[in-house]
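Since the structure comes first, as structure tokens, the remarks are kept for the end.
Rule-based calculations on the coordinates, nothing more; no lab input. On a predicted model such as this, the values are computed, not experimentally measured, just so you know. Note: ideal-geometry Cβ built from the backbone for every residue, glycine included; neighbour counts use all protein chains shown.
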Amino acid sequence: MGSKYSDPLPARMALWHDRPDAWREVLPGVRRRILSGGDGVMLVLYHLAPHRTFPRHTHRHLQAGVCLEGSGELTVGESVYPIRSGSSYSIAGDVPHEFRSGPETRTVILDVFVPEREDFAEELRPPDEA
């Protein structure tokens, strides 16, 4: 009896390395890097300068994330949630949301989108190794 943790590794693997040309400024003081994508999931890293707002928006994708550094406020629907380093969240598709970074230091957010964001596809570089 095997468990999912002892199954063989997937037959296909792709690897992306951090490079300066992988980053894109999407708003003043808000940079993003598409870390990886494929098979229905996309990882996206955000760096937000202090006091920046990623405006209210919606998309069809499930968005789950974790705050790796810094702090802020996440508004989901009409509710506001304080976010700090180590906080994680999950937002259902088609729910309006907004993020405001805190005042002290840069905020780093790692988001996971399911399925992949088609509107981010042009930012995803080919893998450095496959």
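Checking the conditions here, which among I109, I91 is touching a strand residue (DSSP E or B) at 6+ places or on another chain (Cβ under 8 Å), within 24 Å of R125 (Cβ to Cβ) and of a type in the set (V, I, T)? Write out each step before concluding.
On the way: I91 fails: within 24 Å of R125 (Cβ to Cβ).
Going through I109, I91 in turn, just one is touching a strand residue (DSSP E or B) at 6+ places or on another chain (Cβ under 8 Å), within 24 Å of R125 (Cβ to Cβ) and of a type in the set (V, I, T): I109.
In this structure, H61 does not qualify as under 20 Å from R31 (Cβ atoms) and either among the polar types (S, T, N, Q) or in contact (Cβ under 8 Å) with a residue 40 or more places away in the chain (or both). Residues of region 8-61 that are in contact with a Pro (Cβ under 6 Å, 6 or more places away or on another chain) and among the small types (G, A, S): A14, G40.
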